[in-house]
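Let me begin by presenting the structure, written as C-alpha cells, before commenting on it.
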C-alpha cells in the first residue's frame, strides 16, 4: 500500500492513550491510518524522525501573539514548540489578526480582549452598558470575548461582577439574531483532541522538544520538522 505520508523511526509519546515508544505513523487521505512498531509499504512523502519525538499538535490555551505582546515571532515560536492551536490571552484582536496575516504559519489561533482601565474601558468601574459595548466591539473585530486582568489592571469588585455577567449573559447583537456566546478568562473551554484510527485529525507533529503530548490514530495534524 502507498500512503500519503509515512513517518519512520520516531519516538511516539502519547500519555493519554498510554502509548510511548518507537513507532511508525502512516497518514492516508488526511487521516492517521496506522501507528505501529513497523509499517511497510511506500509513501508519497516519507520522513525519517530518528532522534525526534512524534506527537499530535499541542493546544496552548495561553499565548500572546499581538504587537503589544509576542510580536511577529510568536507564530514561528509556537509552531517550533509543536503547537497547532492556541488562544491569545490579551489582544488587541485587530493586532492579532494583522500579525497572523503577515506572519501566520497555519496556526489555529483565537483571541480574547483584555479589559484594561483607561485603555479598553474608561476606568476601573465601568458600567454594564460600557462592558456590553466592549464585548460587542471586540467580537465584531474577531475576538471571542473579554479577559479580566485581575492583579495587573484590576476592576472594582462590583465591576468585575458586572463583566462576568455581561460575558455570560445574553444582550447586544444586531439584526434580531441572538448574539454569540461571550467569554471571560474566568471560564475557558478547552477540548482535547482524541486521535483514533479513521477519524479526522491533524498530521502528527515531529519535534526535537515537546511539552504535553497526546497521540492515537485518526486525525489530521500538521507536520513540523525541527
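The values are calculated or read from the model by the stated rules, or taken from the named source; none is laboratory data. Because the structure is predicted, anything quoted here is derived from the model rather than measured. So basically every Cβ, Gly included, is an ideal-geometry build from the backbone, and we count neighbours across all protein chains shown.
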State all residues of region 91-104 that are under 28 Å from residue 54 (Cα atoms) and assigned to a loop (DSSP other than H, G, I, E, B); if no residue qualifies, say none. 104
Region 53-90, subset buried (at least 21 other Cβ atoms within 10 Å of the Cβ) and part of a helix (DSSP H, G or I), residue modelled with the lowest pLDDT: 79
Could you give every pair whose Cβ atoms fall below 6 Å, whose first residue belongs to region 31-53 and is more than 10 Å from residue 9 (Cα to Cα), and whose second residue is in a loop (DSSP other than H, G, I, E, B), counting only separations of at least 6 or pairs across chains? 32/201; 32/217; 32/218; 35/217; 41/1
With 10, 93, 21 as the choices, which residue is crowded, with 20+ Cβ neighbours inside 10 Å, farther than 29 Å from residue 140 by Cα and touching a strand residue (DSSP E or B) at 6+ places or on another chain (Cβ under 7 Å)? 10
Residues of region 107-121 being within 15 Å of residue 166 (Cβ to Cβ) and either free of Cβ contacts under 8 Å to residues at least 40 places away in the same chain or out of contact with any helix residue (DSSP H, G or I) (no Cβ under 7 Å at 6 or more places or on another chain) (or both), which ones? 112, 113, 114, 120, 121
Taking interchain pairs and intrachain pairs at least six residues apart, which have beta carbon atoms under 9 angstrom, with the first residue in region 129-142 and at positive phi and the second part of a helix (DSSP H, G or I)? 142/93; 142/94; 142/96; 142/97
In region 105-125, how many residues are assigned to a strand (DSSP E or B), in contact with a strand residue (DSSP E or B) (Cβ under 7 Å, 6 or more places away or on another chain) and either at pLDDT 90 or above or surrounded by 21 or more Cβ atoms within 10 Å (Cβ to Cβ) (or both)? 7
